[in-house]
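Notes follow once the structure below has been shown.
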Amino acid sequence: MLSKFMTSEKATLRIGDTVYELPVIIGSEGEKALDIRALRAQTGLITFDSGYMNTGSCASDITFLDGEKGILSYRGYSIEDLAEHCSFVEVAYLLVHGSLPTLTEQENFSEMLGRSALLHEDMVHFFDSYPSKSPPMAILSSMVNGLCSFYPEMLLNPLENLDMMTARLVSKVRTIAAFSYKKSMGHPLVYPRHDLSYCANFLNMMFNSPVAPYEINEDVVAALNKLLILHGDHEQNCSTSTVRLVGSARVNLYASISAGISALWGPLHGGANQAVMDMLEAIQREGGNYKKYIDKAKDPADPFRLVGFGHRVYKNHDPRARIIKEACDKVLASLRIADPLLDIAKELEEVALKDDYFVERHLYPNVDFYSGIIYRAIGIPANMFTVMFALGRLPGWIAHWKEMWDDPNGRIGRPRQLYVGPKARPFVPIEERVAGK
Ligand code: ACO
């Protein structure tokens with residue numbers, strides 16, 4: 001894939017008296033990168049970049065984001081257009097296949113999703129064995145890995161069977177998510193229905209009950225649809241890089257996605273919207289005193305950060321946050337919910353956006369700032385927020401796994417390191433050893 005983006009431009013690197021030339025690659029949106037693949041062979045040096053702050057681990061044609069300009073697009077389509085006009089199923093298809101589905105392709109994909117929605121009944125019994133307080137992310141990650149055991153026939157020629165594997169994952173993860181919630185409540189499972197759309201089906205499995213049938217509200221369906229689209233992909237974030245790295249060892253799709261789910265579980269990654277709700281609730285308990293939290297966030301001696309603010313890549317605005325804020329207003333109005341946490345969030349945002357501390361550091365609300373309020377209004381509990389994130393991110397993970405698997409020049413991912421441990425030393429027999437030495 002890279003060769004078509006090679007340029008004649010070269011960067012020069014001087015080490016001592018020797019000058020080396022490094023090729024410059026240019027991406028389709030004009031982003032430039034230094035190709036350092038031959039650097040170690042030429043110079044004996046590795047590059048050092050812990051946290052991968054400035055390392056391109058792959059070339060990808062799935063998602064483009066420009067953090068300075070606040071741009072996010074999937075396969076060339078802006079996130080604003082996709083959130084406005086598409087269903088999550090269409091966007092999932094786009095991410096995995098590279099083009100938006102035609103009417104027939106969409107019907108076929110929806111049909112496959114419908115047919116794949118059930119879990120093997122032996123898998124359903126797994127839910128009985130998890131303790132009732134099991135974190136839903138633990139259940140999700142192990143159940144997805146468990147799919148390898150139930151559908152091993154797909155593992156031999158994954159790319160030939162990718163449509164089926166994609167449909168299975170996108171459909172069954174939704175069922176697993178809803179079942180894990182029902183089990184945590186001690187309520188009977190609600191099985192998927194073929195006649196409902198992807199999001200309506202999920203909401204029905206979550207909230208329908210023998211004592212109170214769930215009424216599907218189209219505004220709620222639309223809000224969930226937007227949230228899932230906005231989380232669909234975000235290029236080489238921690239969980240996606242995990243999926244690619246694990247998959248680069250030629251690990252099957254299910255196990256690679258299971259690893260991605262584990263990465264997403266972390267509070268520094270997928271768990272932030274839960275933390276936003278905790279913060280807003282704490283402010284509410286203290287009588288709405290959000291100024292105290294702004295002061296805490298600004299105090300260099302205090303490690304506290306305004307959760308839901310700032311982003312490693314977006315330094316202008318997070319385009320997803322704007323769309324989510326609008327969806328939040330709409331869904332709360334439709335459900336006639338006056339959530340005081342939304343008022344606190346808006347006041348907090350207004351004050352922070354005018355405050356020099358936040359302005360100078362380019363700190364804006366991120367995708368997590370308003371999403372938790374929508375989930376709360378819909379009735380999704382905080383411990384399911386990261387599962388919802390996983391549901392949205394799934395097509396992105398599949399697309400990246402496919403791209404990585406399909407790359408004829410792909411190699412196992414294996415970063416280097418700078419060793420800073422003890423120098424070579426003589427072996428000491430056990431009877432002569434001193435503790436800690
Ligand atoms: N509140 C207060 N100050 C902040 C915040 C914040 N939320 N975020 C960054 N800063 C300050 C830092 O203290 C630092 O100040 P300094 O220059 O005086 O030392 C400066 O802004 C730059 O911060 P960095 O840590 O270098 O920014 P980085 O890009 O590494 O971090 C991160 C990004 C982790 C998202 C950070 O902004 C943060 O912790 N935000 C709150 C947690 C959060 O909302 N996470 C969700 C991210 S979205 C997602 O993962 C889906």
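Here are a few things to note about the model shown:
- In this entry, Ile323 passes the filter for residues that are β-branched (Val, Ile, Thr), outside the structural domain of Pro136 (by TED's automatic domain parsing), out of contact with any Ser or Thr (no Cβ under 8 Å at 6 or more places or on another chain) and surrounded by 15 or more Cβ atoms within 10 Å (Cβ to Cβ).
- The set of residues from the stretch 279-297 being open to solvent by less than 70 Å² (accessible area, probe 1.4 Å), farther than 14 Å from Leu342 by Cα and touching a residue at least 24 places away in the same chain (Cβ under 8 Å) comprises Tyr293, Ile294, Ala297.
- Failed item, numbered, when Gly186 is tested on (1) touching a residue at least 24 places away in the same chain (Cβ under 8 Å); (2) under 21 Å from Thr386 (Cβ atoms): (2)
- The selection criterion, being more than 18 Å from the chain's Cα centre (by Cα) and under 30 Å from Arg320 (Cβ atoms), does not hold for Asp35.
- Residue in the stretch 228-240 that is of a type in the set (Gly, Ala, Ser) and either more than 16 Å from the ligand (Cβ to nearest atom) or surrounded by fewer than 21 Cβ atoms within 10 Å (Cβ to Cβ) (or both) present: no
- Selection from the stretch 408-418 of residues that are within 21 Å of Leu156 (Cβ to Cβ) and either at pLDDT below 95 or in the same structural domain as Ser248 (by TED's automatic domain parsing) (or both): Pro408, Gly410
- So Gly396, is it outside the structural domain of Leu332 (by TED's automatic domain parsing) and in contact with a His (Cβ under 8 Å, 6 or more places away or on another chain): yes
- Here Gly76, Gly51 are screened, and the one residue that is more than 21 Å from Gly16 (Cα to Cα), of a type in the set (Gly, Ala, Ser), modelled with pLDDT under 95 and open to solvent by 40 Å² or more (accessible area, probe 1.4 Å) is Gly51.
- Cβ-Cβ under 8 Å pairs, at least 6 apart or on other chains, the stretch 356-369 side in the same structural domain as Ala321 (by TED's automatic domain parsing) and under 21 Å from Glu326 (Cβ atoms), far side hydrophobic (A, V, I, L, M, F, W, C) and open to solvent by 60 Å² or more (accessible area, probe 1.4 Å): Tyr364/Leu353
- Number of positions in the stretch 102-155 that are farther than 24 Å from Ala382 by Cα and loosely packed, with under 13 Cβ neighbours inside 10 Å: 11
- Scanning the stretch 256-303 for residues that are outside any helix (DSSP H, G or I) and within 14 Å of the ligand (Cβ to nearest atom) turns up Trp265, Gly266, Pro267, Leu268, His269, Gly270, Gly271, Asp299, Pro300, Ala301, Asp302, Pro303.
- Complete set of residues in the stretch 189-207 that are more than 24 Å from the chain's Cα centre (by Cα) and more than 16 Å from Leu118 (Cβ to Cβ): Phe207
- Scanning the stretch 304-320 for residues that are near the ligand (Cβ under 9 Å from one of its atoms) and assigned to a loop (DSSP other than H, G, I, E, B) yields Phe304, Arg305, Leu306, Val307, Gly308, Gly310, His311, Arg312, Val313, Tyr314, Lys315, Asp318.
- Taking residues in the stretch 1-26 that are in contact (Cβ under 8 Å) with a residue 40 or more places away in the chain, and partners anywhere that are open to solvent by 50 Å² or more (accessible area, probe 1.4 Å) and part of a strand (DSSP E or B), the pairs with Cβ atoms closer than 6 Å and at least 6 places apart or on different chains are Phe5/Ile26.
- Test: residue in the stretch 157-164 that is closer than 20 Å to Ile261 by Cβ and surrounded by fewer than 22 Cβ atoms within 10 Å (Cβ to Cβ): yes
- Filtering the stretch 327-377 to residues that are among the β-branched types (Val, Ile, Thr), farther than 24 Å from Gly287 by Cα and within 16 Å of the ligand (Cβ to nearest atom) leaves Val359, Val367.
The values are calculated or read from the model by the stated rules, or taken from the named source; none is laboratory data. Since the structure is predicted, the reported quantities are computational estimates derived from the model, not experimental observations. In this analysis, Cβ positions are derived from the backbone assuming ideal geometry, glycine residues included, and neighbour counts consider all displayed protein chains. Surface accessibility is based on the protein's heavy atoms, side chains included, excluding ligands, DNA and RNA. Shrake-Rupley method; radii C 1.70, N 1.55, O 1.52, S 1.80 Å.
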